[in-house]
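The values are calculated or read from the model by the stated rules, or taken from the named source; none is laboratory data. These figures come from a predicted structure and were not determined experimentally. Don't worry about glycine lacking a Cβ; one is built from the backbone with ideal geometry, like all the others, and counts go over all protein chains shown.
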Amino acid sequence: MHYLSHYYTEIGNNNPLFSVGLIVPDLAPGFSKTYNQVLKKGPEPADLQLKQLHKGILAHYEGDRRFHNSPLFMQQVSRTIQSMVQAGLDRQKLRLSVIAHIAVEMLIDRQIVIQHPDVCNDFYHTIGNATNHDLIAFFDLHSLEVQKREFLSKFQFFKDMRYLYQFSELERVVYALDKVYGMVARTEFTKIEKSQFLQGLGNLDGEIRYNWQEILNA
């Protein structure tokens with residue numbers, strides 16, 4: 001799942017640190033390695049606030065495990081790959097299975113932004129109430145100095161830019177997809193590829209408009 005999708009599936013728990021925990025793995029580079037080597041093996045923090053952050057991180061991975069293994073999600077990824085190929089994208093050059101996976105997640109977030117702007121507003125309000133003092137204390141508890149610096153920098157940018165609101169424009173989804181894929185493959189989409197992605201995602205956008213909740217809740 002993507003940022004807003006995690007928050008949407010956990011509506012009801014509006015603790016700021018829990019909500020930040022939901023997005024830590026996607027904002028902190030290489031956090032899954034940290035999770036597997038440090039957090040997964042260690043006990044929950046004793047502090048009640050830090051415990052909420054810890055629980056949010058665990059909920060992120062549990063949500064991903066369920067979501068990524070859902071037949072409906074995998075079917076949607078397959079249809080997205082087909083749509084990208086039909087738009088002219090070269091699956092020999094690009095890792096379309098990876099791109100389609102990320103694209104479906106982003107398109108679901110896009111529909112939440114469009115159909116439920118109140119959820120996006122609440123999301124940013126909630127994570128904005130998390131204090132840096134608690135975030136720093138959590139990373140320091142586990143001696144994660146590098147991860148702390150990287151996360152705090154990205155988290156501030158994420159809040160200041162109101163990043164997810166941009167998904168109301170499909171072109172911005174393609175832009176975000178290019179940036180994320182660039183970190184994975186160390187390359188950028190060409191101008192023609194961006195146009196092809198826009199066409200391919202446009203073909204899927206109308207479909208996901210009506211089935212995103214079914215996919216998310218499968």
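Residue pairs whose Cβ atoms lie under 8 Å apart, separated by 6 or more positions or on different chains, with the first residue in the stretch 13-40 and modelled with pLDDT under 90 and the second among the acidic types (Asp, Glu), are Asn14/Asp122; Ala28/Glu150; Pro29/Glu150. Scanning the stretch 40-73 for residues that are assigned to a helix (DSSP H, G or I) and in contact with a His (Cβ under 7 Å, 6 or more places away or on another chain) gives His60, Gly63.
Does the stretch 125-144 contain at least one residue that is within 22 Å of Glu214 (Cα to Cα) and free of Cβ contacts under 8 Å to residues at least 12 places away in the same chain?
From the stretch 125-144, those within 22 Å of Glu214 (Cα to Cα) are none; that's our starting set.
The answer is no, given that none of the residues of the stretch 125-144 is within 22 Å of Glu214 (Cα to Cα) and free of Cβ contacts under 8 Å to residues at least 12 places away in the same chain.
For (1) more than 20 Å from the chain's Cα centre (by Cα); (2) surrounded by fewer than 18 Cβ atoms within 10 Å (Cβ to Cβ); (3) within 18 Å of Val119 (Cα to Cα), each residue gets a yes or a no:
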| site | (1), (2), (3) |
| --- | --- |
| Ala130 | no, no, yes |
| Leu135 | no, no, no |
| Phe167 | no, no, yes |
| Met183 | no, yes, no |
| Arg186 | no, yes, no |
| Lys191 | yes, yes, no |
| Leu201 | no, no, no |
| Arg209 | no, yes, yes |
| Gln213 | no, yes, yes |
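I need the full set of residues from the stretch 113-128 which are among the hydrophobic types (A, V, I, L, M, F, W, C) and surrounded by 14 or more Cβ atoms within 10 Å (Cβ to Cβ), in order please. Give the steps one after another, and end with the answer.
Keep residues of the stretch 113-128 that are among the hydrophobic types (A, V, I, L, M, F, W, C), which gives 113-114, 119-120, 123, 127.
Those that are among the hydrophobic types (A, V, I, L, M, F, W, C) and surrounded by 14 or more Cβ atoms within 10 Å (Cβ to Cβ): Val113, Val119, Cys120, Phe123, Ile127.
Identify, from the list Gln147, Gln196, the residue that is modelled with pLDDT of 95 or more and of a type in the set (S, T, N, Q). Explain how you work it out, then say what you get.
Working: Gln147 fails: modelled with pLDDT of 95 or more.
None of the other options fit; the residue is Gln196.
Candidates Phe67, Phe18: the one that is of a type in the set (Phe, Trp, Tyr), within 18 Å of the chain's Cα centre (by Cα), farther than 21 Å from Phe158 by Cα and surrounded by 14 or more Cβ atoms within 10 Å (Cβ to Cβ) is Phe67.
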